[in-house]
Amino acid sequence: MVLLHRFSLLLFKPSCRGLLKLRVCRNLLIFTWKHHGLSSFPRILGVRQVSVSSAQASLFCPGGRGDGNIKEKLSLQDVASLLKNKQCQRVVVMAGAGVSTPSGIPDFRSPGSGLYSNLQQYDIPYPEAIFELDYFFQNPKPFFLLAHELYPGNYRPNSAHYFLRLLHDKGLLLRLYTQNIDGLERVAGIPPSKLVEAHGTFATATCTVCRRSYAGQEFRVDVMEGRVPQCPVCTGLIKPDIVFFGEELPQRFFLYLADFPLADLLFIIGTSLEVEPFASLASAARSSIPRVLINRDLVGPFISQSPRYNDVTQLGDVISGVETLVSLLGWTEELRELIQRETEKLDAQQKDS
Ligand SMILES: [Zn+2]
C-alpha cells in the first residue's frame, strides 16, 4: 500500500493532467489512472483489500439502501439518521469560503463583496498579485497587510465551524478539507491532525531562502506591528505557508488518496467548487456513499452530472442549512453549549493578550 500510495502520489501532482479513479468491487478497492492524451483507457495501478461492514454494505450495494434495484432518493433526514445510528462514522468534509463569510471573512471570489474588490487599499497593480511569488518578493507589504487582517483573533468561528467540531468530538470526522486560509477551523478546536488546509495556513511559515520552518506565532508581533518578518538565521524573507499561484499544494493534500476511499459520507459546505484540484475531490468519493451539499447554489457535480440517488442538497444560506441538519440530528442544545463554552474561552484569551 505504501509503494502504491507513493506511486499514486507521484502521478497525482496538481500539474499532472489526468483522473484517478477509485472504485470498490466486492471487497477490493481498485485504483485506476487515466492520463489525458495518453490512452483512452484508465490504467490499473493497484488493488487493495478493504473490509466492508454490513452497514456499509447496505450503502455499497447497487440498490443503495433500498431493496433490489429501487434507488430511493436520500433526504437530509436520512443522512441525519445514518449519522445518529453510526451507520456513517467516517465523515469527510470539504469546506469553502461560504463557511467563513458568516464570520465576516471577505470572500475571494464574490464580485463586490469579495476580497479582490477590496484590495484597492493595498495599492497593488491587480488583485491576484497579492498571491503571486514574483510580486511578493518585489513588495511583500500588501500580503502582510492581509496576514494582519486574517491573523487569529480578528474573527470568530461560527456555528458551521462548531458543527464540524461536534462531528470531531463525537468521533465521526475522518478529515476536514478546507480551502479557507483564515484558520477558523483551528480556532474552533478541530485538531490540525484532522485538517487538510488545502490552500495553506498562517499557523506555520517558511524562510524563502534557507527553507527553515517556523511557527506563525513567532512572527505575530512583526505582522501586527506592520513589519515584514525576516529569518533570524539568514535574514531571508519569511513567508507564511499560504499556497500562492503556481505553488504546489501542501503534502497533506494527498491524504485524500487514503481518506476518500474510506469515507462513508461526504459533506460539501459553502464552496463554489471552482478551484482545482480541490474541486475534483467532490468526485473522488465512492459513488455509493451519500454526498451532502450545503451551499447557496448547486455547484460542481451536483449540476454537471445526472443526480445520484444518494446526493442530497440543502440550498440557501449556509448557516441555516447547517442548523437544519443539526436540528435533525438533535444536536441543537449541544451545539449551543459548545459555542457558549468556546466563546467564553476566546473572550478570556483575548483579555489576556
Ligand atoms: Zn532563513
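Before moving on, here are some points about what is shown:
- Answer from 318, 275, 326, 322 - the residue that is surrounded by fewer than 19 Cβ atoms within 10 Å (Cβ to Cβ) and either aliphatic (A, V, I, L, M) or on the phi > 0 side of the Ramachandran plot (or both): 275
- Test: residue in segment 189-197 that is open to solvent by 20 Å² or more (accessible area, probe 1.4 Å), touching a residue at least 60 places away in the same chain (Cβ under 8 Å) and assigned to a loop (DSSP other than H, G, I, E, B): yes
- Filtered residue count, segment 330-353, keeping only those that are over 18 Å from residue 190 (Cβ atoms) and touching a residue at least 12 places away in the same chain (Cβ under 8 Å): 3
- Among the residues of segment 146-163, those that are touching a Gly at 6+ places or on another chain (Cβ under 8 Å) and either open to solvent by 50 Å² or more (accessible area, probe 1.4 Å) or in a helix (DSSP H, G or I) (or both) comprise 148, 150, 152, 160.
- When segment 208-255 is filtered for residues that are within 16 Å of the ligand (Cβ to nearest atom) and assigned to a helix (DSSP H, G or I), the ones remaining, listed by number, are 216, 218, 219, 222.
The values are calculated or read from the model by the stated rules, or taken from the named source; none is laboratory data. Because the structure is predicted, anything quoted here is derived from the model rather than measured. Here Cβ is always computed from backbone atoms with ideal geometry, including for glycine, and neighbour counts include all displayed protein chains. Keep in mind that these areas ignore ligands, DNA and RNA; they rest on the heavy atoms of the full protein, side chains included. Shrake-Rupley method; radii C 1.70, N 1.55, O 1.52, S 1.80 Å.
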